[in-house]
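What follows is calculated from the coordinates using simple rules that are stated; it is not laboratory data. This structure is a prediction, so every number in the text was calculated from the model and none was measured. Backbone-built Cβ (ideal geometry, glycine too); neighbour counts: all protein chains shown.
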Amino acid sequence: MIEIERKFLVLSNDFLNETYVEKRIVQAYLNSNPERAVRIRIKGDKGYLTIKGKGNETGTTRLEWETEIPVADADKLLLLCEEGLIEKTRYEIKIGKHLFEVDVFEGENQGLILAEIELKSEDEFFVKPYWLGQEVTNDKRFYNAYLSNHPFTSW
C-alpha cells in the first residue's frame, strides 16, 4: 500500500530498443485533489480504480491503493470523471533488478516523456540508463492528476 517511486524526464527515444512490454493507457480522475486522488484507468484490456494519498516531503513515498475492475465498468466511470483525459503509451524496460516504466504522452500532453521506477526504499541504489534525464519526483507539475488539469502543451 505504500508506493516509493522516483520520476525522471527522458532524453531520447533510445529506451524503445530495450522495451519488452508496451501498453496503451487512458485515465481520468474522479477526484484530482493531491491529498486523495481517485483515478480510473484502462491499461491494455484491464480496468483499474486507484486511490493515491499525498506524497511525503520528497514526493517519493505515498499511500496507493489499487484494484482491478471490469473494463466495461472503467469505461462507464470515465464518463463521470473530471475533464482532462490522460492518454499515453507505457513501455516497460528492465535494467538490472529494476523495472522502468516510460510513459509517452499523447493528446494534450504530447511531447512529454516520463520514466518512473518503484523502489523498496527512498535511498535504494539503481542503475540509471543514459536516456534518463532530470529527476522531477518532487515537481507536482509532472503528476498525472496535475497534467489532467494543466496539460503539458499549455505550459
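What to note about this one:
- Taking θ as phi - 60° and the Karplus parameters 6.51, -1.76 and 1.60, the scalar couplings of the stretch 143-153 work out to 7, 4, 4, 5, 4, 5, 9, 9, x, 3, 5 Hz in sequence order, x denoting glycine and proline.
- Among the chymotrypsin sites (Phe, Trp or Tyr not before Pro) within the stretch 1-92, those in coil by DSSP and having at most 11 neighbouring Cβ atoms inside 10 Å are Tyr20.
- Computed on the chain, with alpha-carbon pairs under 8 angstrom and 6+ residues apart, the relative contact order is 31 percent.
- GNM result for the chain, Cα springs below 10 Å: residue of Gly47, Gly133, Gly96 fluctuating most strongly: Gly96
- Among the listed values (1) 1.18; (2) 0.99; (3) 0.94, the one matching Rg/Rh (Cα atoms, Kirkwood Rh) as calculated from this structure is (3).
- Backbone HN-Hα couplings from phi across the stretch 91-99 [Karplus 6.51/-1.76/1.60, Hz, Gly and Pro as x]: 10, 9, 9, 8, 9, x, 9, 10, 10
- Cut-off under 5 Å, modelled amide H: who pairs with Gly133 long-range: Leu9, Val10, Leu11
- Annotation for Trp65 and Gln134: the two label points, set 7 Å from Cα along the Cα-Cβ direction, are 3.6 nm apart.
- In terms of its alpha-carbon gyration tensor, the stretch 70-116 comes out oblate; a/c meets the 1.5 threshold, while b/c is at least as large as a/b.
- FRET E, pair Glu87, Glu35, Förster distance 22 Å, beta-carbon r, rounded to 0.05: 0.30
- Full extension of the chain between His98 and Ser121 yields a length gain of 7.0 nm, computed as 0.36 nm times the residue separation minus the alpha carbon distance.
- Remark: for residue pairs Lys23/Lys128; Lys54/Lys120; Lys46/Lys97; Lys94/Lys120; Lys52/Lys140, the C-alpha separation exceeds 20 Å in Lys23/Lys128; Lys46/Lys97.
- Highest-fluctuation residue, Asn13, Asn109, Asn144 considered, GNM on the chain with Cα pairs under 10 Å: Asn13
- Rounded to the nearest 500, the helix-only mean residue ellipticity at 222 nm of the chain stands at -2500 deg cm²/dmol, with each DSSP H run of n ≥ 4 adding -39,500 (n - 2.57).
- The residues packed around Gly47, meaning those with a beta-carbon under 14 Å from its beta-carbon, carry a net charge of +2 if Lys and Arg are +1 and Asp and Glu are -1.
- Here the relative contact order of the stretch 23-107, from alpha carbon pairs under 8 Å that lie six or more residues apart, stands at 28 percent.
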